[in-house]
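A short worksheet on the structure shown next.
The values are calculated or read from the model by the stated rules, or taken from the named source; none is laboratory data. Bear in mind the structure is a predicted one, so any value in this text is a computation, not a measurement. Note that we place each Cβ from the backbone using ideal geometry, even for glycine, and neighbour counts take in every protein chain shown. Protein only, heavy atoms only, side chains kept; ligands, DNA and RNA dropped before computing areas. Shrake-Rupley method; radii C 1.70, N 1.55, O 1.52, S 1.80 Å.
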Amino acid sequence: MTQATIISINGKTPIIHPTAFIAPGVRIIGDVEIGEMASIWYNCVLRGDVNAIRIGARSNIQDGTVIHCDADKGFVKGTPTIIEDEVLVGHMAMLHGCTVRRNALVGLGSIVMDGCVLEENSMLAAGAMLTPGKQIGSFQMWGGRPAKPMRELDENWAMGNRMAVAHYVENGQAHKAANGG
């Protein structure tokens, strides 16, 4: 079985909490920190070579997702990619130089570009593209290419999302055990 690849670059070595699940086939490079009980699923790439990537506690980055960060460009400061605690990132998503706050959901196959922010309890729908600098407010769902507001979310949605986070924590620990961790 192929193990995860963890690479130091530019004097930065990934820091991974011992309770996190890192699936075989994952690539983690450079200035990356992964929090407690987080799960990084099969064949994800987290490349922190030109700025930082932070993954919070109990967040999950699902299969095939690519996360990068934005480099400094002359006098313009680049942006790290920050994924706070208890975030769901769907399969095959792409996140670049953005911030995703607690209990937000990035739908499968979606793209989040430089300078974007998903506020707490927000959602980017599957297949959507959030163009640079856009901000999704709390309890809003955006979708489309380019993404635009679609509807308001409520506390029932937020509670369901928290239940999905708990499921991924449990499932991640089961996969960790199955992979000898």
ask   = Only one of these conditions is not met by residue 48: (1) without any contact (Cβ under 8 Å) to a residue 40 or more places away in the chain; (2) assigned to a loop (DSSP other than H, G, I, E, B); (3) crowded, with 18+ Cβ neighbours inside 10 Å; (4) not hydroxyl-bearing (Ser, Thr, Tyr). Which number is it?
value = (2)
inquiry  = I'd like the residue in the stretch 165-180 that is over 21 Å from residue 102 (Cα atoms) and surrounded by 14 or more Cβ atoms within 10 Å (Cβ to Cβ) and, out of all such residues, is farthest from the chain's Cα centre (by Cα).
reply    = 179
query = When you go through 24, 14 one by one, which is the residue that is more than 15 Å from the chain's Cα centre (by Cα), open to solvent by less than 30 Å² (accessible area, probe 1.4 Å) and either under 20 Å from residue 178 (Cα atoms) or modelled with pLDDT under 95 (or both)?
reply = 24
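Answer yes or no as to whether residue 36 is open to solvent by 20 Å² or more (accessible area, probe 1.4 Å), touching a helix residue (DSSP H, G or I) at 6+ places or on another chain (Cβ under 8 Å) and modelled with pLDDT of 95 or more. Explain how you work it out, then say what you get.
Values: open to solvent by 20 Å² or more (accessible area, probe 1.4 Å): yes; touching a helix residue (DSSP H, G or I) at 6+ places or on another chain (Cβ under 8 Å): no; modelled with pLDDT of 95 or more: yes.
For residue 36, the condition - open to solvent by 20 Å² or more (accessible area, probe 1.4 Å), touching a helix residue (DSSP H, G or I) at 6+ places or on another chain (Cβ under 8 Å) and modelled with pLDDT of 95 or more - is not met.
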query = On the given criteria, is residue 92 open to solvent by 10 Å² or more (accessible area, probe 1.4 Å), at positive phi and not polar (S, T, N, Q)?
reply = yes
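What are the residues in the stretch 106-121 that are touching a strand residue (DSSP E or B) at 6+ places or on another chain (Cβ under 7 Å), open to solvent by 10 Å² or more (accessible area, probe 1.4 Å) and within 15 Å of residue 67 (Cα to Cα), if any? If you could, list the steps in order and put the result at the bottom.
To start, the set of residues in the stretch 106-121 that are touching a strand residue (DSSP E or B) at 6+ places or on another chain (Cβ under 7 Å) comprises 106-107, 110-114, 116-119.
After this cut, where a residue has to be open to solvent by 10 Å² or more (accessible area, probe 1.4 Å) as well, the list is 111, 113-114, 117, 119.
Of everything in the stretch 106-121, those that are touching a strand residue (DSSP E or B) at 6+ places or on another chain (Cβ under 7 Å), open to solvent by 10 Å² or more (accessible area, probe 1.4 Å) and within 15 Å of residue 67 (Cα to Cα) turn out to be 111, 113, 114, 117.
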Test result for residue 162, closer than 22 Å to residue 57 by Cβ, at pLDDT 95 or above, open to solvent by 60 Å² or more (accessible area, probe 1.4 Å) and more than 15 Å from the chain's Cα centre (by Cα) = yes
query = Are there any strands (runs of 3 or more DSSP E) wholly within the stretch 62-181 with 1 or more residues that are within 23 Å of residue 24 (Cβ to Cβ) and hydrophobic (A, V, I, L, M, F, W, C), and if so which?
reply = 66-68, 81-83, 94-96
request  = Kindly indicate the residue of the stretch 52-88 that is of a type in the set (Gly, Ala, Ser) and on the phi < 0 side of the Ramachandran plot and also surrounded by the most Cβ atoms within 10 Å (Cβ to Cβ) among those meeting that condition.
outcome  = 59
